[in-house]
Amino acid sequence: MAASRQAVAHPVGLWGAVAIGIGGMVGGGIFAVLGLSVQITKGAAPLAFLLAGLVALLTARSYALLSKVYPSRGGTVTFLNRTFGAGLFSGGINVLLWLSYIVMLALYSQAFGSYAASFLPQSAHTLGKHVFLTAAIVVITAVNIAGASTVARAERVIVAVKITILLLFVGVGVAGVSGERLAPAQWSSPVSVIAGGMIIFLAYEGFELIANAAEDVADPARVLTRAYYISVLFVIALYVAVAIVSVGSLPLSGLINARDYSLAEAARPALGGFGFAMIGVAAMLSTASAINATLYGSARMTYTIAKARELPAQLDRPVWNQPLEGLLITAAATVVLANVLDLASISTMGSAGFLIIFAAVNLAEARTARRRGSTPWISVVAAMACGAALAALIAKSSLVAVSVLVAMVALSFGIEAAFRKISGRPVHA
């Protein structure tokens, strides 16, 4: 009986937490950004995914250590507020986290629209993409309003399906890999390779969702630590393998020309039209589930931030027992962003946003390390790695992409500062 009560009280075990991390990372990123990575790094795309993964792994260590001290569904928001205090810095970064999730939703919806439109005649691709991505956001928002319990139960199945399809893609396609296409002679410059790795960094950001499961785990100090490392290491290996097979199976021009649905195109050599359709369907399933999970999580994140008095109180007022204001604002902003900006700008914004957030989390771990008896310098190095990655990303991005990024960061702190002034709280506190 006691064991039964324990199971009910703590429904998430190690492999459940690992599934959350893998599902968060292999949500839509790999389907959306593979072609963009190849365009920037050429034959060095596998190396770019490895570099981005190593930065994610360093940051996962900080998340693991902070999850031991502050086990809370608030995750990143709680880590920053408890370490730096609920001031302008923490508030601005937390608002940036919310905006970065809107960017992620735009990326996922663009990927959904692109793969769905790939089944249409070439002349209908552009219009079809916008119709499909808008419909996906509207429908999934409606599902969240009505109650997403059925979709939530299906998430683990969808994760298993998409991982199985990607592993099948790697297993079948590896025989057709050409070493010449992966040779250093086919690589971009070192700066481009680093920048390419960082522009696709958002394909790894989902591991931070593990922190939100802290209150549902029986032994968060042990379980979450293992879940962070297992999920990130697995996804690094999976992404590198997928990149090797993709780049090694098709000429670079083929992947770049099909940039919006390059992974489906990479399945043609080994699996023909069936492979294209299989990856296309997997991408649509994966990105739809990622939109659902991210909408669900971001709506509740606005609720958490509002509870911390870093966003207006209206966002923490439940309607039908759900934080609908945050959900609807997030969905509306996603529709606009996904239809207005291109993939490169969205990827730059998303990756840069999470690099800034992860740098702050690494500094939070370093700041609290000594009181827990851990070593702060590793987290300092991780923060510096995020900063260096951000610099490389900005150096290789277009002026438009950098301008949009600066506007997003300024908007985050502007919203927080304005809200503090309106609510009568000191801006500097």
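Restricting attention to the range 324-369, report how many residues are over 25 Å from residue 79 (Cβ atoms) and of a type in the set (A, V, I, L, M, F, W, C).
Summing the residues that are over 25 Å from residue 79 (Cβ atoms) and of a type in the set (A, V, I, L, M, F, W, C) in the range 324-369 gives 13.
Consider only pairs whose beta carbons are under 9 Å apart and that are at least six residues apart or on different chains; among these, list those whose first residue lies in the range 174-196 and is closer than 25 Å to residue 393 by Cα and part of a helix (DSSP H, G or I) and whose second residue is open to solvent by 90 Å² or more (accessible area, probe 1.4 Å) and of a type in the set (D, E, K, R).
That search, which allows pairs on different chains as well, returns 186/180; 191/396; 192/396; 194/396; 195/396; 196/396.
Report, by residue number, each residue of the range 270-290 that is over 30 Å from residue 82 (Cβ atoms) and either buried (at least 24 other Cβ atoms within 10 Å of the Cβ) or modelled with pLDDT under 85 (or both).
At the first step, the residues of the range 270-290 found to be over 30 Å from residue 82 (Cβ atoms) are 270-289.
Across the range 270-290, the qualifying residues are 270, 271, 279, 282, 283, 285, 286, 287, 288, 289.
Matching residues to (1) at pLDDT 90 or above; (2) within 20 Å of residue 112 (Cβ to Cβ):
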| position | (1), (2) |
| --- | --- |
| 134 | yes, yes |
| 137 | yes, yes |
| 141 | no, yes |
| 148 | no, yes |
| 171 | yes, no |
| 179 | no, no |
| 182 | yes, no |
| 187 | yes, no |
| 191 | no, no |
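Can you tell me which residue within the range 170-194, out of those that are among the hydroxyl-bearing types (Ser, Thr, Tyr) and over 26 Å from residue 279 (Cα atoms), is most open to solvent (accessible area, probe 1.4 Å)? Don't jump to the end; show me each part of the working.
So in the range 170-194, the residues among the hydroxyl-bearing types (Ser, Thr, Tyr) come out as 178, 188-189, 192.
Applying the additional criterion that residues be over 26 Å from residue 279 (Cα atoms) yields 188-189, 192.
On the way: 188: 25, 189: 55, 192: 12 Å².
Ranking the candidates gives 189 first.
Does the range 308-319 contain at least one residue that is modelled with pLDDT under 80, in a helix (DSSP H, G or I), over 30 Å from residue 111 (Cα atoms) and among the basic types (Lys, Arg)?
First, pick out the residues of the range 308-319 that are modelled with pLDDT under 80: 308-319.
Still in the running and in a helix (DSSP H, G or I): 313-316.
Adding the requirement that they be over 30 Å from residue 111 (Cα atoms) leaves 313-314, 316.
Applying the additional criterion that residues be among the basic types (Lys, Arg) yields none.
There is no residue in the range 308-319 that is modelled with pLDDT under 80, in a helix (DSSP H, G or I), over 30 Å from residue 111 (Cα atoms) and among the basic types (Lys, Arg).
When only residues in the range 241-268 that are surrounded by fewer than 18 Cβ atoms within 10 Å (Cβ to Cβ) and either touching a Cys at 6+ places or on another chain (Cβ under 8 Å) or in contact (Cβ under 8 Å) with a residue 24 or more places away in the chain (or both) count, which is nearest to residue 281 (Cα to Cα)?
This residue is 256.
Can you pull out every residue in the range 19-38 that is open to solvent by 10 Å² or more (accessible area, probe 1.4 Å) and among the aliphatic types (A, V, I, L, M)?
Within the range 19-38, 19, 20, 22 qualify.
Against the condition small (Gly, Ala, Ser), touching a Lys or Arg at 6+ places or on another chain (Cβ under 9 Å) and in contact (Cβ under 8 Å) with a residue 24 or more places away in the chain, how does residue 360 come out, does it pass?
Working: small (Gly, Ala, Ser): yes; touching a Lys or Arg at 6+ places or on another chain (Cβ under 9 Å): no; in contact (Cβ under 8 Å) with a residue 24 or more places away in the chain: yes.
Answer is no for this residue.
Collect the residues in the range 202-224 that are of a type outside the set (A, V, I, L, M), part of a helix (DSSP H, G or I) and either buried (at least 24 other Cβ atoms within 10 Å of the Cβ) or in contact with a Pro (Cβ under 8 Å, 6 or more places away or on another chain) (or both), keeping them in residue-number order. Even if it seems obvious, please write down each step before you answer.
The initial filter retains those residues of the range 202-224 that are of a type outside the set (A, V, I, L, M), namely 204-208, 212, 215-216, 219-220, 222.
In the following step, the residues that additionally are part of a helix (DSSP H, G or I) were identified as 205-208, 212, 215-216, 220, 222.
Once the filter is applied, which keeps residues that are of a type outside the set (A, V, I, L, M), part of a helix (DSSP H, G or I) and either buried (at least 24 other Cβ atoms within 10 Å of the Cβ) or in contact with a Pro (Cβ under 8 Å, 6 or more places away or on another chain) (or both), the range 202-224 yields 205, 206, 207, 208, 215, 216, 220.
If you scan the range 39-98, which residues turn out to be among the β-branched types (Val, Ile, Thr) and open to solvent by 50 Å² or more (accessible area, probe 1.4 Å)? Walk me through how you get there before you give the answer.
Pass one, the range 39-98, residues among the β-branched types (Val, Ile, Thr): 40-41, 55, 59, 69, 76-78, 83, 93, 95.
Within the range 39-98, 69 is the sole residue that qualifies.
Limited to the range 368-387, what total is found for residues that are part of a helix (DSSP H, G or I) and open to solvent by 30 Å² or more (accessible area, probe 1.4 Å)?
Within the range 368-387, the first condition is being part of a helix (DSSP H, G or I), and the residues that meet it are 368-372, 376-387.
In the following step, the residues that additionally are open to solvent by 30 Å² or more (accessible area, probe 1.4 Å) were identified as 370-372, 377-378, 380-381, 384, 387.
Result for the range 368-387: 9.
For the range 367-388, give me each residue that is of a type outside the set (S, T, N, Q) and either in contact (Cβ under 8 Å) with a residue 60 or more places away in the chain or more than 22 Å from residue 90 (Cβ to Cβ) (or both).
Residues of the range 367-388 that are of a type outside the set (S, T, N, Q), as a first pass: 367, 369-373, 376-378, 380-388.
Passing the criteria: 367, 369, 372, 373, 377, 378, 381, 382, 385, 386, 388.
For the range 118-136, how many residues meet the condition of being in contact (Cβ under 8 Å) with a residue 40 or more places away in the chain and not charged (D, E, K, R)? Give the steps one after another, and end with the answer.
Residues of the range 118-136 that are in contact (Cβ under 8 Å) with a residue 40 or more places away in the chain, as a first pass: 118-119, 129-130, 133-134, 136.
Applying the additional criterion that residues be not charged (D, E, K, R) yields 118-119, 130, 133-134, 136.
Residues meeting the conditions: 6.
The values are calculated or read from the model by the stated rules, or taken from the named source; none is laboratory data. Here the structure is a predicted model, which means the values were calculated and not measured. Ideal geometry is used to build each Cβ from the backbone, glycine not excepted, and the neighbour counts take in all protein chains shown. Note: areas computed on protein heavy atoms with side chains; ligands, DNA, RNA excluded. Shrake-Rupley method; radii C 1.70, N 1.55, O 1.52, S 1.80 Å.
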